[in-house]
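The values are calculated or read from the model by the stated rules, or taken from the named source; none is laboratory data. Since the structure is predicted, the reported quantities are computational estimates derived from the model, not experimental observations. Counting neighbours? That spans all protein chains shown, and the Cβs are built from the backbone with ideal geometry, glycine included.
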Amino acid sequence: MGWSILLACAHARMQYRDVHEAAFTDRWPGLEFVRTSRTSSTERTPRFDAAAELARQWAKAVTAASYTHRSTAGPSPARRLAEALVADLLTRMDAQPGRWAGKTGAQDRLVLLALAARTLAAAATEVHLSERDWALAAGLTRDAVADRLKVLGQQGWVARVQRAAGPWAAVWRIVNPGGGEQRSGAVFTPEMQSQLDAELECAREDIWHARRLGVLGMRVWAHMSAGRLSVRELATRLGVCPATVRSKLRALRSLGLCTADGRVYRSRSRLARAAVAAGVDGAHADRVRLYRLHSAVFVWWFTTRHQPERSDALAQWGEFPDPAEAEQIHPTDIALAYGATSTGPPVSATTWGAAMAAQDRHREADPDSWWELVAAARAALPAPDMLLAPHQWARAAA
């Protein structure tokens, strides 16, 4: 299994840094053989040379791929159906440019594009997608995604097929207004794929975390990149007032992303330098890390809810910080440390959602141990249909 994954990555022309991230950051289950070695039929132990092992296996996969002809078979029926669904969605979106006006319209567009990308990646019409993963793919916050999904669902763009159950994400699909028939007749093309990937990649750039820019600043910059437009034309296309456009243009000019005569700088290196100047470099990576920690601690917390014995969080991570210690610790870390000792419903979203910061600090010496705990927690969970719905947690705890 692991070898076939590496070989497929080599055929897909992925680079070593992509595979390294998949193995050690995203921690793909299929690459477990790189991170650990088998000690018995049921046990594995972490490798001391995991990075070196990945390098060796990747070199072998690249060599094998160079001598192996890729299959000439066409895409599977499921893949073709997913591509047709996404092509129809993108065509309908392009036919309604006014729908994506304003800040909320721009957010709606990114939410839909992220769902389209996940649909293509899964080659399925229905996909598991958590709000946090959705937000990371779209370059938005989890709260923004949650708010916009309500609107998009009401307007018939997306539909939730299955509610979230414990740590299992909800299942979503793109709604086809044709009732199963592709009304637009659109055909998915490589250009559509490239445009989709480019727009989402741009949305994830650190610079748009700057308060002066945000999603509207990104839209102004994107429209100017396509061609020089007057302030009034930009305001009309974006559905905002001219004053807002002028404010975004001033911010873009001050950060070196455009000039007074309308020239736009589009390189990733220029965007990265602008992020440094704005003090937001690394902002997206920080959000990725925080959301992954949130998700991991939720798995741990939810598992303890189904265990009859008392949690050992106090013994493992210590008592709640005293006032003197609290002054030296970030409030988010304190909230998370408190959440790590809780076995009942969280007091607030930030309480359970952040305990990973404190846990992560205690686990720096053995980073793999946390992920082993998460894997064990997932294995111990009951079936999804046996789990309580979120609105039932407080009642059950009482």
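Condition test on Val245, is it part of a loop (DSSP other than H, G, I, E, B) and among the aliphatic types (A, V, I, L, M)? Spell out the reasoning first.
Details: part of a loop (DSSP other than H, G, I, E, B): no; among the aliphatic types (A, V, I, L, M): yes.
No; evaluated as a whole, the condition is false for this residue.
Is one or more of the residues making up the range 69-80 in contact with a Leu (Cβ under 9 Å, 6 or more places away or on another chain), modelled with pLDDT of 85 or more and over 29 Å from Leu290 (Cα atoms)? Reasoning before the result, please.
Here is the first cut: in the range 69-80, the ones in contact with a Leu (Cβ under 9 Å, 6 or more places away or on another chain) are 79.
From the residues that got through so far, the ones that are modelled with pLDDT of 85 or more too are 79.
Remaining after also requiring over 29 Å from Leu290 (Cα atoms): 79.
Checked the range 69-80: at least one residue is in contact with a Leu (Cβ under 9 Å, 6 or more places away or on another chain), modelled with pLDDT of 85 or more and over 29 Å from Leu290 (Cα atoms).
Identify, from the list Ala272, Ala169, Ala198, the residue that is of a type in the set (A, V, I, L, M), in the same structural domain as Arg142 (by TED's automatic domain parsing) and within 29 Å of Ala116 (Cα to Cα). Steps first, please.
On the way: Ala272 fails: in the same structural domain as Arg142 (by TED's automatic domain parsing); Ala198 fails: in the same structural domain as Arg142 (by TED's automatic domain parsing).
The conditions single out Ala169.
What do you reckon, is Arg292 at negative phi and at pLDDT below 85? Reasoning before the result, please.
On the way: at negative phi: yes; at pLDDT below 85: yes.
The answer is yes for Arg292.
Give Arg211, Arg163, Arg204, Arg219 a once-over and let me know the one that is within 17 Å of Gly102 (Cβ to Cβ) and basic (Lys, Arg).
After applying the criteria, what remains is Arg219.
Only one residue in Arg118, Arg142, Arg132 is modelled with pLDDT under 95 and in contact with a His (Cβ under 8 Å, 6 or more places away or on another chain), so which one is that? Give the derivation first.
Working: Arg118 fails: in contact with a His (Cβ under 8 Å, 6 or more places away or on another chain); Arg142 fails: in contact with a His (Cβ under 8 Å, 6 or more places away or on another chain).
The match here is Arg132.
Listed residues Ala243, Ala251; which is of a type in the set (A, V, I, L, M, F, W, C), surrounded by 13 or more Cβ atoms within 10 Å (Cβ to Cβ) and not assigned by TED's automatic domain parsing to the domain that holds Ala116? Quick ask: steps written out before the conclusion?
Numbers: Ala243 fails: surrounded by 13 or more Cβ atoms within 10 Å (Cβ to Cβ).
Selected residue: Ala251, the only one of Ala243, Ala251 that is of a type in the set (A, V, I, L, M, F, W, C), surrounded by 13 or more Cβ atoms within 10 Å (Cβ to Cβ) and not assigned by TED's automatic domain parsing to the domain that holds Ala116.
Do any strands (runs of 3 or more DSSP E) lying entirely in the range 30-143 carry at least 3 residues that are of a type in the set (Gly, Ala, Ser) and touching a helix residue (DSSP H, G or I) at 6+ places or on another chain (Cβ under 8 Å), and which ones are they?
On the way: elements: 36-38, 44-46, 126-128.
In the range 30-143, there are no strands (runs of 3 or more DSSP E) which contain 3 or more residues that are of a type in the set (Gly, Ala, Ser) and touching a helix residue (DSSP H, G or I) at 6+ places or on another chain (Cβ under 8 Å).
If you take the residues in the range 159-180 that are crowded, with 18+ Cβ neighbours inside 10 Å and within 19 Å of Ala95 (Cα to Cα), which one is modelled with the lowest pLDDT?
Asn176
Name the one entry in Arg183, Arg219, Arg212 that is surrounded by fewer than 17 Cβ atoms within 10 Å (Cβ to Cβ) and modelled with pLDDT of 90 or more. Steps first, answer last, please.
Values: Arg183 fails: modelled with pLDDT of 90 or more; Arg219 fails: surrounded by fewer than 17 Cβ atoms within 10 Å (Cβ to Cβ).
So the residue among Arg183, Arg219, Arg212 that is surrounded by fewer than 17 Cβ atoms within 10 Å (Cβ to Cβ) and modelled with pLDDT of 90 or more is Arg212.
Under the condition of being over 12 Å from Ala277 (Cα atoms) and of a type in the set (A, V, I, L, M, F, W, C), which residue from the range 254-263 is surrounded by the most Cβ atoms within 10 Å (Cβ to Cβ)? It would help to see each step written out before you state the result.
Residues of the range 254-263 over 12 Å from Ala277 (Cα atoms): 258-263.
Of the ones still in play, those that are also of a type in the set (A, V, I, L, M, F, W, C) are 258, 260.
Details: Cys258: 21, Ala260: 7.
Top of the filtered list is Cys258.
Between Ala23, Ala10, which is assigned to a helix (DSSP H, G or I), in contact (Cβ under 8 Å) with a residue 24 or more places away in the chain, closer than 27 Å to Tyr291 by Cβ and under 26 Å from the mean Cα position of the chain (by Cα)? Show your work before the answer.
Details: Ala10 fails: closer than 27 Å to Tyr291 by Cβ.
When all the criteria are applied, what remains is Ala23.
Among Arg142, Arg219, Arg132, Arg173, which is over 28 Å from Lys248 (Cβ atoms), among the basic types (Lys, Arg) and within 21 Å of the chain's Cα centre (by Cα)?
Values: Arg142 fails: over 28 Å from Lys248 (Cβ atoms); Arg219 fails: over 28 Å from Lys248 (Cβ atoms); Arg132 fails: over 28 Å from Lys248 (Cβ atoms).
Being over 28 Å from Lys248 (Cβ atoms), among the basic types (Lys, Arg) and within 21 Å of the chain's Cα centre (by Cα) holds for just one of Arg142, Arg219, Arg132, Arg173, which is Arg173.
Return the residues of the range 113-147 that are under 17 Å from Val175 (Cα atoms) and in contact with a Ser or Thr (Cβ under 8 Å, 6 or more places away or on another chain); say none if nothing qualifies.
Thr119, Ala123, Thr125, Val127
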